[in-house]
Amino acid sequence: MPEGKRKRDYWQHFNSIILKDFHIIPYNKDIAIYHATFAAKLVNLGKTPPTNDSMIAATALAHNMTLVTRNVKDFSNIAEITDLKIENWFLE
């Protein structure tokens, strides 16, 4: 989007309304430990998880959250060996 009033208005709206209620959970050392632990187990089982998906799963596990995704298949191996809770809201 070119510089100008429209772009400034867009970013003002984005920052004041959308980001205000949007919480970003940082990937930190504690989450990395969850990640490394189950990723190593999956590698030993011959089920190497995709890095991005396993980082998301580790974040959910570290914070005792339910992972909501339409792509249950990519997280199923992780859920089999951890306490990861998965929900697919598209099926309900």
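The values are calculated or read from the model by the stated rules, or taken from the named source; none is laboratory data. Nothing here was measured: the structure is a model prediction, and the numbers come from that model. Using ideal geometry, Cβ is built from the backbone for each residue, glycine included, and neighbour counts are taken over all protein chains shown.
Here's a check for you: in region 76-92, which residue that is in a loop (DSSP other than H, G, I, E, B) and among the charged types (D, E, K, R) is nearest to residue 28 (Cα to Cα)? Even if it seems obvious, please write down each step before you answer.
Taking region 76-92 first, the residues in a loop (DSSP other than H, G, I, E, B) are 82-84, 88-92.
Now narrow it down to the ones that are among the charged types (D, E, K, R): 83, 92.
Working: 83: 20, 92: 33 Å.
In this case the residue turns out to be 83.
When residue 48 is tested against (1) in contact with a helix residue (DSSP H, G or I) (Cβ under 7 Å, 6 or more places away or on another chain); (2) modelled with pLDDT of 95 or more, just one condition goes unmet, and that condition is (2).
Show me the helices (runs of 4 or more DSSP H) entirely contained within region 1-75 in which 2 or more residues are touching a residue at least 40 places away in the same chain (Cβ under 8 Å). Outline the logic, then answer.
Numbers: elements: 5-13, 29-44, 51-62.
By residue number, 29-44.
Just to verify a result, which residue in region 11-28, among those that are surrounded by 10 or more Cβ atoms within 10 Å (Cβ to Cβ) and either hydrophobic (A, V, I, L, M, F, W, C) or within 21 Å of residue 59 (Cβ to Cβ) (or both), is farthest from the chain's Cα centre (by Cα)? Quick ask: steps written out before the conclusion?
Kept after step one, since they are surrounded by 10 or more Cβ atoms within 10 Å (Cβ to Cβ), are these residues of region 11-28: 11-15, 17, 19, 25, 27-28.
After this cut, where a residue has to be either hydrophobic (A, V, I, L, M, F, W, C) or within 21 Å of residue 59 (Cβ to Cβ) (or both) as well, the list is 11, 14, 17, 19, 25, 27-28.
On the way: 11: 24, 14: 21, 17: 22, 19: 17, 25: 9, 27: 10, 28: 13 Å.
Of everything passing the filter in region 11-28, 11 is farthest from the chain's Cα centre (by Cα).
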